Structure formats: C-alpha cells, structure tokens
Amino acid sequence: MIDLKLDDSGDLQFNHKGDLVLTEKPIDYISQKIKTTLKTIYGEWFLDPSIGVGWVNMLGDKDFDEHILSQYLKKEIEKIKGVKSIPICEPMLNREKRLAKINLHIITDYGKLTINKLDSGAIL
C-alpha cells in the first residue's frame, strides 16, 4: 500500500532533493486515504464523480443528525482496504458553516489509528 504522500494542506510532499515522497507504512496510507475520502465532496473529482462524500446534501438536510452521519461515514471508511472496524466515529456538525469536525478511532490490519478534529464538509 503505497501512495504519493500529501502534506497537511493536501499538497504533494517533496524531499530536500525535490523528489516526490511516498507513504512509508501501510497505516500511513490508510490514514491519508481516510482523510482524502472524507475531504472529497461527492462528484467533485472529474475523473471519477462517484468518489467522495455527499456533504452538500447531508449538511443541508435538517433531519440529518450526527448519528446518521456517523453510520454513513463508517460505511464509507470501511470500503478502504485495510480497515477492519471503526469503534468510534464522532462527527460534530456546524450547519451554518456547512462543516463537520470528525473524531475517529479505527482498527486496521496494521494497528490502531486515531484521527482527531478532521475538518470535512461542503465548504473547506
């Protein structure tokens, strides 16, 4: 499980020589894949509009609460190869800003992974 490594702002990382950096460990790949998936808005990527999370519809629906969002996010994250289970998925919605902050505890084939206060949503 190797991918091009992204920095905190989502840009490609380069080493001191100017070469692209790759994810080194499978758990780093999974962490990056989860973050990328949750920050991608459904239909946003022109090469594959089926990728992403339906943030626009969810955050505009007043009946869509944190529990439903948690179940939806778990379903999306479980699609990622190497993810075994998600014992904790805590989204905190901010409908005015159309954002969600998400805390995750994930069990992977390579160990435990914690992602805290990941910003995702319709507008980033």
* Within a Cβ distance under 13 Å of Leu93, other residues only, what is the Lys/Arg minus Asp/Glu net charge? -> -2
* To do: Read phi for every residue in the stretch 98-106 and hand back ³J(HN,Hα) as whole Hz from Karplus 6.51 cos²θ - 1.76 cosθ + 1.60, θ = phi - 60°, with x for Gly and Pro.
  => 6, 10, 9, 9, 10, 10, 10, 10, 10
* To do: Can you pull the one-decimal nm distance between simple spin-label points at Lys84 and Ile2, each 7 Å off the Cα toward Cβ?
  => 2.6
* Structure fact -> Non-local residues with an amide H under 5 Å from the amide H of Ile41, with H modelled 1.01 Å from N and Pro and chain starts lacking one, are Val53
* Asked: What residue among Lys33, Lys97, Lys84 has the largest mean-square fluctuation in a Gaussian network model of the chain, using Cα springs under 10 Å?
  -> Lys97
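Under the 0.36 nm per residue contour assumption, what length would be gained going from the current alpha-carbon distance of Ile68 and Leu12 to full extension?
Numbers: separation 56, 0.36 × 56 = 20.16 nm, distance 3.30 nm.
Stretched out fully, the Ile68 to Leu12 stretch lengthens by 16.9 nm.
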* Where does helix 66-77 land angle-wise versus the long Cα axis of the chain, in degrees 0 to 90, nearest 10? -> 30
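Listing His105, His67 from the residue with the fewest other Cβ atoms within 10 Å to the one with the most, what is the order? Don't jump to the answer; show the numbers that get you there.
Working: His105 15, His67 10.
Ranking His105, His67 by Cβ neighbours within 10 Å, fewest first, gives His67, His105.
Read-outs: derived from the displayed coordinates by stated rules, not from any lab. The structure displayed is predicted, hence computed values, not measured ones. We place every Cβ from the backbone using ideal geometry, glycine too, and count neighbours over all the protein chains shown.
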